[in-house]
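First up is the structure itself, then whatever we jot down about it.
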Amino acid sequence: MFVYLNNKIVPASEAKVSVFDHGFLYGDGIYETMRVYDGVIFMLDEHIKRLYRSASLIGLNIPKKIPDIKISIYETLKANSLTNAYVRLTISRGYGTIGLDPDLCKEPTFVVMTNEFKSYPRSYYKEGIKSIISSVRRNLKEAINPQIKSLNFLNNILAKIEAKQADVYEAIMLNAEGYLTEGTISNIFFVKDNILCTPSVECGILDGITRAIVIDLALKNGLEVKEGKFTPEELYMASEVFITNTTMEVMPVSSIVDRTMHNTACIAHKPVGEISKLLLKKYQQEVNGYVKE
Ligand code: PLP
C-alpha cells in the first residue's frame, strides 16, 4: 500500500509524520473524505472547495495548487491500483515546537491515503441502522465551527463512544439550544407530513456534500424540503429518518433512543420508508451519471 506524503508517493510503512506535528499535538488541521466510483472521484471540485474553506477558517495555507492536489489523489489511487475506493486527504499545520502558535510550524503536512471501498452491510439499507440522541452536544458555532472539517474530532468521538455503549451505529448531537444538528459523521434528514426536513447550517452542522445533493434530488422529484431548527421530539414523530454522507450515501435509520435525560429512554422505531428508498435510488443514479460524463 502507498501513501502520498507531502510531495511524493511512499510505501505506507514509510509514511511517517513527526511527533511534533501540530495535527498530532493539537488536532490542528483539516481533512476531506471522498469516494471513488469506477476511477472517478465523485464531487472532487466540491470537496476541494470545502477543503479551502476549512483551511481559510483556521488560517492555514494549503501548500499545493488545486491541479496538484487532484494529481496527488489520482497518483495515490494509481499507485494502489484502486478504482472503487475511499480517499482521505489530511492537511495538518505541520511540524513545529510545542506551543499553540501556528507560526511555530513552517510547512503544513499533506497526506493522501486511499483504501478499497468496502460496502456497508446490506442489512443497514434494508432494515435501517439504530441511533441515539447523544448527551454530547455538537460544538458551538462560536467554538470550533462545525463548518470546519477539522482534525479536532473529540466531541464526535465522545458521542460515538456513547453510541457504542448503547450498541447502536450513529449518535445524533443537539446544539447548545437543544435543537438537532447532525450525526458524528453524517447529516440527518426526516420526513414529516411528506415534507423532507433537515437541520439548517445555522444550527451548527457540516454542510455535507451528500446533504446538498439529496436536497437537490428531493426538490427535483417534487418533494417539499424544509431546512430549519428541529427538536428531537419532531424526529420521534417522523415517518422516516435517514442519515447521509459520502460513503453511506442515503442510509435509513430505524430507531432512535434518547440518551440526553437520565434514565429516560424514549424509543422511536421506524420502518425503512419510501422516500428514503427513492432518494437512495436517485442518489445512485446521480453517481452513475457523474461517473459516465
Ligand atoms: N457531518 C459530519 C460531522 C461529518 O463528519 C460528515 C462526513 O464525514 C458529514 C456530516 C457528511 O458530509 P459529506 O456528505 O460531505 O460526506
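The values are calculated or read from the model by the stated rules, or taken from the named source; none is laboratory data. Treat the numbers as computed from the prediction; the structure is a model and nothing was measured. Cβ: placed from backbone, ideal geometry, glycine included. Neighbour counts: every protein chain shown.
Per-structure values
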{"item": "Filtered residue count, region 213-239, keeping only those that are within 16 Å of the ligand (Cβ to nearest atom) and without any contact (Cβ under 8 Å) to a residue 12 or more places away in the chain", "result": "1"}
{"item": "Residue within region 282-293 that is part of a helix (DSSP H, G or I) and of a type in the set (Val, Ile, Thr) present", "result": "yes"}
{"item": "Qualifying position, being out of contact with any Cys (no Cβ under 9 Å at 6 or more places or on another chain), surrounded by 14 or more Cβ atoms within 10 Å (Cβ to Cβ), part of a loop (DSSP other than H, G, I, E, B) and in the same structural domain as Val287 (by TED's automatic domain parsing), among Leu158, Leu206, Leu217, Leu196", "result": "Leu206"}
{"item": "Count of region 135-152 residues which are surrounded by fewer than 17 Cβ atoms within 10 Å (Cβ to Cβ) and either within 16 Å of Ile30 (Cα to Cα) or within 16 Å of the chain's Cα centre (by Cα) (or both)", "result": "3"}
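Residues checked against (1) over 30 Å from Asp38 (Cα atoms); (2) away from the ligand (no atom under 13 Å from the Cβ); (3) assigned by TED's automatic domain parsing to the domain that holds Thr244; (4) in contact (Cβ under 8 Å) with a residue 60 or more places away in the chain:
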{"site": "Glu127", "(1), (2), (3), (4)": "no, yes, yes, yes"}
{"site": "Ser131", "(1), (2), (3), (4)": "yes, yes, yes, yes"}
{"site": "Val136", "(1), (2), (3), (4)": "yes, no, yes, no"}
{"site": "Leu140", "(1), (2), (3), (4)": "yes, yes, yes, yes"}
{"site": "Ile144", "(1), (2), (3), (4)": "yes, no, yes, no"}
{"site": "Ile148", "(1), (2), (3), (4)": "no, no, yes, yes"}
{"site": "Leu154", "(1), (2), (3), (4)": "yes, no, yes, yes"}
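Residue by residue, here is whether (1) under 26 Å from Leu206 (Cα atoms); (2) buried (at least 18 other Cβ atoms within 10 Å of the Cβ); (3) out of contact with any Asp or Glu (no Cβ under 8 Å at 6 or more places or on another chain) holds:
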position	(1), (2), (3)
Val10	no, no, yes
Gly23	yes, yes, yes
Val40	yes, no, yes
Lys64	yes, no, yes
Tyr86	yes, no, no
Lys106	no, no, yes
